[in-house]
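The values are calculated or read from the model by the stated rules, or taken from the named source; none is laboratory data. These numbers come from a predicted model, not from an experiment. For neighbour counting, all protein chains shown are included, and Cβ atoms are generated from backbone atoms with ideal geometry for every residue, glycine included.
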Amino acid sequence: MEIISCPKAMQRFALESKRQGNKIGFVPTMGALHEGHLSLVKLASTHSECVAASIFVNPKQFNDPKDLEKYPRCLEADAEMLGECGVQVLFAPEPKDMYGASFQTTVNISRIAAPLEGAHRPGHFEGVATVVSLLFNIVQPDCAVFGEKDFQQLRVIETLVDDLKFPIQIIRGPTCREANGLAMSSRNARLSPEGREAAKVLNDSMLMAARDMGANRNLNLADLSRRVAQLISRAGLEVEYTEIVDEETLLPPAIDDARLRLLVAARIEGVRLIDNMRLG
Ligand code: AMP
């Protein structure tokens, strides 16, 4: 596996690979890799001849400087895992490689980025949309895989690609979970064993909601999301939000046959966790 940190060198590699007739499948990450990331790599390899991954802890998408500082970093171990999974090229730049002194562009997406994470993490999705646009121009992928674990991020990127006509197919990767149901996340590394056990309530409470909704589609959505919040806080987590929205718009459902998704965010042991599930 080739490891490249210079954007221009990465672009040259990508253009040469495409000239040879390879489709490039791209998996952007912030590193501290787990099975969830590797499942996206495997999915990318079924859609392309050349899999490119990136590891970049993007300072522009952290609204909390402490979160950025504490974000786990282990490039060597990550590179080994990606090489073993058949990734051909790893793009791993430093912030100065991505954002030179003259950098002054921001990609701003309005409606889909406003609620939920957007409301709780000001500037987060601007940072995401800006870095993903940059990465797409550098890596030149034919398709890119994003996890449903970060569902609003996925919808933001689908909107970005649609609006700006990036010639890139976005592929959705299902959420990988620990044996106890907790969604895998790089941030889980900061939880104690007790914290990991308590955090499984996120999945359990969403399963409860999915079950109840399956039994009665006419449930009051505000009541149901309140019950989810109660279960989570009874397990000792601090709830930031639990919301049931139309999974297309991420707004309260306006039509009867809207596809619903429950999204939750909560903190435990100083770690912020998010998760989501389709209802019905
Ligand atoms: P991150 O490194 O957290 O920025 O995530 C990189 C990519 O991996 C994003 O597309 C995430 O949605 C995806 N991802 C993170 N956790 C999981 C998971 N548990 N299962 C599947 N994909 C995931």
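If you check N108, N22, which single one turns out to be out of contact with any His (no Cβ under 6 Å at 6 or more places or on another chain), part of a loop (DSSP other than H, G, I, E, B), more than 15 Å from the ligand (Cβ to nearest atom) and in contact (Cβ under 8 Å) with a residue 24 or more places away in the chain?
Values: N108 fails: in contact (Cβ under 8 Å) with a residue 24 or more places away in the chain.
Being out of contact with any His (no Cβ under 6 Å at 6 or more places or on another chain), part of a loop (DSSP other than H, G, I, E, B), more than 15 Å from the ligand (Cβ to nearest atom) and in contact (Cβ under 8 Å) with a residue 24 or more places away in the chain holds for just one of N108, N22, which is N22.
Taking V87 as the residue in question, decide whether it is aliphatic (A, V, I, L, M), modelled with pLDDT of 95 or more and assigned to a helix (DSSP H, G or I). When the stated conditions are applied, V87 does not pass them. Could you tell me whether any residue of region 26-36 is in a helix (DSSP H, G or I) and of a type in the set (S, T, Y)? No.
Taking (1) part of a loop (DSSP other than H, G, I, E, B); (2) in contact with a helix residue (DSSP H, G or I) (Cβ under 6 Å, 6 or more places away or on another chain); (3) not acidic (D, E) in turn, S205 satisfies each apart from (1). Screening region 25-42 for residues that are touching a strand residue (DSSP E or B) at 6+ places or on another chain (Cβ under 8 Å) and farther than 23 Å from E117 by Cβ and picking the one that is farthest from the ligand (Cβ to nearest atom) gives G25.
The rows are residues; the columns are (1) under 16 Å from the mean Cα position of the chain (by Cα); (2) within 21 Å of K42 (Cβ to Cβ); (3) within 13 Å of the ligand (Cβ to nearest atom).
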site: A119; (1), (2), (3): no, no, no
site: G127; (1), (2), (3): yes, no, yes
site: F166; (1), (2), (3): no, no, no
site: T175; (1), (2), (3): yes, yes, yes
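Looking at A79, A101, A113, A144 in this structure, which one is within 26 Å of I3 (Cβ to Cβ), touching a residue at least 12 places away in the same chain (Cβ under 8 Å) and out of contact with any Pro (no Cβ under 8 Å at 6 or more places or on another chain)? Going through A79, A101, A113, A144 in turn, the sole match is A79.
For V87, the conditions (1) surrounded by 14 or more Cβ atoms within 10 Å (Cβ to Cβ); (2) within 25 Å of R190 (Cα to Cα) are fulfilled apart from (2). Taken over region 149-186, residues that are surrounded by fewer than 16 Cβ atoms within 10 Å (Cβ to Cβ) and assigned to a helix (DSSP H, G or I) amount to 4.
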